[in-house]
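Notes follow once the structure below has been shown.
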Amino acid sequence: MTRHEVLCCPACGLTLRVDAPSRGERAECPRCGSTVIQGAHGSLQLTAALALAALILYIPANIYPILRMHFHGAYSESTVWDGVVSLAQSQQYFVALIVFLASIAIPLLKLTGLLYLVVSARFDLGRRLRGRTRIYRLIDVVGPWAMLDVFLLAVLVSLVKLGQIATILPGPGLIAFTAVVVLTMFASASFDPRLIWEKRP
């Protein structure tokens, strides 16, 4: 039996009785053409693939050096963790904590949380749908605090600025770090929270 919903067009205010759209479909207002409601747009398989790929690349992104520097004959390599340790040793504990959370801890929690939501939604594990929704909201809230893109931009700016003083070369970790940034953004965008509540066959 088809389920009907009574909705109001967000653009012109026309009250409509529409059928619940299937995945990928949308219902338009017959008066102004605005979208009134749309079905789930995400794909669990796509989200899982992107999140898993980002999680795999997360390891070399944090193990391998981000930058390599030659300065007056001295050679050094720096990873993200090295930056956290250096800040802590300089007694800049607050900045070290921010870098650790934004570049290491929060991205890991975000990716594992997305994978948990995908697996639990796909295989209907348990009945704690409200709990899963809270996890999604938490991921959505902490997402902007995972400033991977800002951190990556800061690294690229340092490559340009410090290049006038010393020889700065991108390390292999920078490529993995860039991939983690892109894949995490796509994984978050591809997950539709309505899939949490959608019954699986």
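The values are calculated or read from the model by the stated rules, or taken from the named source; none is laboratory data. Quantities reported herein were computed from a predicted structural model and do not represent experimental measurements. As a convention, Cβ positions derive from the backbone with ideal geometry for all residues, glycine included, and neighbour counts pool all protein chains shown. Side chains included, ligands, DNA and RNA excluded: accessible areas come from the protein's heavy atoms. Shrake-Rupley method; radii C 1.70, N 1.55, O 1.52, S 1.80 Å.
Here are a few things to note about the model shown:
- A simple spin-label model places pseudo-atoms 7 Å from Cα toward Cβ; at R194 and T133 they are separated by 1.4 nm.
- Nearest-10 value in Å² for the accessible area of T133, using the 1.4 Å probe: 30 Å²
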